[in-house]
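S.K.: One structure follows; several queries about it will come next.
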């Protein structure tokens with residue numbers, strides 16, 4: 001197999017030893033890749049036997065074809081850097097210092113210049129945060145036989161970002177479920193991390209019940225399962241729902257609250273046409289203004305009924321299909337129980353003498 005230095009190939013890892021990775025080139029030959037090219041800083045492997053891998057040919061040593069995942073100071077001479085420029089091969093550079101308009105970067109034995117605009121991608125960092133670090137670059141200009149190099153870290157980061165987006169596009173599809181972690185709270189919802197991607201959890205999708213202040217329900221660091229609602233990859237936006245995975249109280253509303261059911265609920269909203277009563281989390285009913293006593297035309301019921309107050313109501317009708325419950329005011333369960341006790345001669349809370357009025361008249 002003939003390869004030019006800097007040429008990129010796709011191959012398969014045959015085996016891994018203590019120091020080297022052996023690559024499949026053909027039935028008769030193997031390539032060598034340093035083990036450090038597939039290790040994290042803590043020494044853990046990022047690839048394993050049988051994995052496909054993209055590598056760059058850097059030359060022959062002791063009759064063996066040597067490859068790398070990134071051309072660095074350990075293997076980069078000017079000829080190799082020129083080939084890296086021609087083939088678009090990534091190179092590893094060390095950011096030496098900040099200079100006018102950008103950074104001085106060492107790539108192998110060569111000095112290169114990286115403009116401020118070509119360092120990093122989207123993240124906001126001070127220039128000093130890049131100094132002293134080894135980063136991937138692409139050579140975008142190779143002049144004066146390598147004495148004048150212009151490099152870009154941004155194009156590498158953009159390509160990595162697009163590859164990651166392509167992977168996520170196949171995973172974060174509408175209807176898919178994932179664990180999410182809250183990373184920030186906003187007045188319109190929360191941003192959550194899903195598979196490394198920041199997605200929006202709208203405030204309307206947090207809970208089955210109405211949420212006025214999201215901080216009352218969620219906190220940064222909370223983890224829970226979400227359902228992907230929409231994915232707009234052109235604008236890199238995803239919306240998710242927590243509410244969709246919570247039990248829907250409307251599914252059993254008709255059975256749980258048949259006509260005539262009495263319950264004491266909390267007033268959650270007062271409008272000009274009636275009062276909304278929370279029967280349970282995520283399930284509200286309406287007492288229409290026509291059901292309220294002593295209400296004259298033009299009366300502002302918002303001054304008479306306050307959010308948070310308790311109100312005893314009776315279920316008139318449950319329209320499960322329309323997700324509506326009609327209510328009317330009623331006496332409380334406690335009042336009904338006391339009345340029943342009295343009629344059965346069991347009341348001990350308050351004595352009532354049926355002849356009291358007659359006795360008063362005789363005095």
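The values are calculated or read from the model by the stated rules, or taken from the named source; none is laboratory data. Bear in mind the structure is a predicted one, so any value in this text is a computation, not a measurement. Cβ sites come from the backbone with ideal geometry, for glycine too, and all protein chains shown count toward neighbours.
S.K.: Looking only at the range 19-28, which residues are within 16 Å of residue 58 (Cβ to Cβ) and either modelled with pLDDT under 85 or outside any strand (DSSP E or B) (or both)?
M.R.: Residue satisfying the conditions is 25 alone.
S.K.: While we're on this one: Go over the candidates 16, 53 one by one and state the one that is in contact with a helix residue (DSSP H, G or I) (Cβ under 8 Å, 6 or more places away or on another chain), within 25 Å of residue 108 (Cβ to Cβ), modelled with pLDDT of 90 or more and not assigned by TED's automatic domain parsing to the domain that holds residue 94.
M.R.: 53
S.K.: Looking at residue 58, is it at pLDDT 90 or above and either in contact with a helix residue (DSSP H, G or I) (Cβ under 7 Å, 6 or more places away or on another chain) or assigned to a strand (DSSP E or B) (or both)?
M.R.: no
S.K.: Quickly run through the range 117-169 and pick out the residues that are in a loop (DSSP other than H, G, I, E, B) and within 23 Å of residue 195 (Cα to Cα).
M.R.: Initially, the range 117-169 is screened for residues in a loop (DSSP other than H, G, I, E, B), giving 119-126, 130-133, 147, 153.
Correct list: 120, 121, 122, 123, 124.
S.K.: Next up: Could you tell me which of the residues 275, 203 is more than 30 Å from residue 163 (Cα to Cα) and not assigned by TED's automatic domain parsing to the domain that holds residue 311?
M.R.: 203
S.K.: Let me ask you something else. Filter the range 67-89 down to the residues that are surrounded by fewer than 22 Cβ atoms within 10 Å (Cβ to Cβ) and within 35 Å of the chain's Cα centre (by Cα), then identify the one that is nearest to residue 150 (Cα to Cα).
M.R.: 88
S.K.: Which of the residues belonging to the range 270-286 are under 38 Å from the mean Cα position of the chain (by Cα), under 18 Å from residue 300 (Cα atoms) and exposed (fewer than 14 other Cβ atoms within 10 Å of the Cβ)?
M.R.: Selection gives 271 alone.
S.K.: Still on this structure: When the range 159-176 is examined, which residues are found to be in contact with a strand residue (DSSP E or B) (Cβ under 7 Å, 6 or more places away or on another chain), surrounded by 13 or more Cβ atoms within 10 Å (Cβ to Cβ) and either farther than 30 Å from residue 138 by Cα or in contact (Cβ under 8 Å) with a residue 60 or more places away in the chain (or both)?
M.R.: Correct list: 172, 176.
S.K.: Going by the structure shown, is residue 86 in a helix (DSSP H, G or I) and either in contact with a strand residue (DSSP E or B) (Cβ under 6 Å, 6 or more places away or on another chain) or closer than 18 Å to residue 141 by Cβ (or both)?
M.R.: yes
S.K.: Quick check on the range 239-249: of everything there that is in contact (Cβ under 8 Å) with a residue 40 or more places away in the chain and either crowded, with 16+ Cβ neighbours inside 10 Å or out of contact with any strand residue (DSSP E or B) (no Cβ under 7 Å at 6 or more places or on another chain) (or both), which residue is farthest from residue 314 (Cα to Cα)?
M.R.: Taking the candidates together, the pick is 239.
S.K.: Then there is this: Taking residue 63, is it in contact with a helix residue (DSSP H, G or I) (Cβ under 9 Å, 6 or more places away or on another chain), outside the structural domain of residue 118 (by TED's automatic domain parsing) and on the phi > 0 side of the Ramachandran plot?
M.R.: For residue 63, the condition - in contact with a helix residue (DSSP H, G or I) (Cβ under 9 Å, 6 or more places away or on another chain), outside the structural domain of residue 118 (by TED's automatic domain parsing) and on the phi > 0 side of the Ramachandran plot - is not met.
S.K.: Test residue 211 against the stated conditions and say whether it is without any contact (Cβ under 8 Å) to a residue 12 or more places away in the chain and surrounded by fewer than 19 Cβ atoms within 10 Å (Cβ to Cβ).
M.R.: Numbers: without any contact (Cβ under 8 Å) to a residue 12 or more places away in the chain: yes; surrounded by fewer than 19 Cβ atoms within 10 Å (Cβ to Cβ): yes.
Yes.
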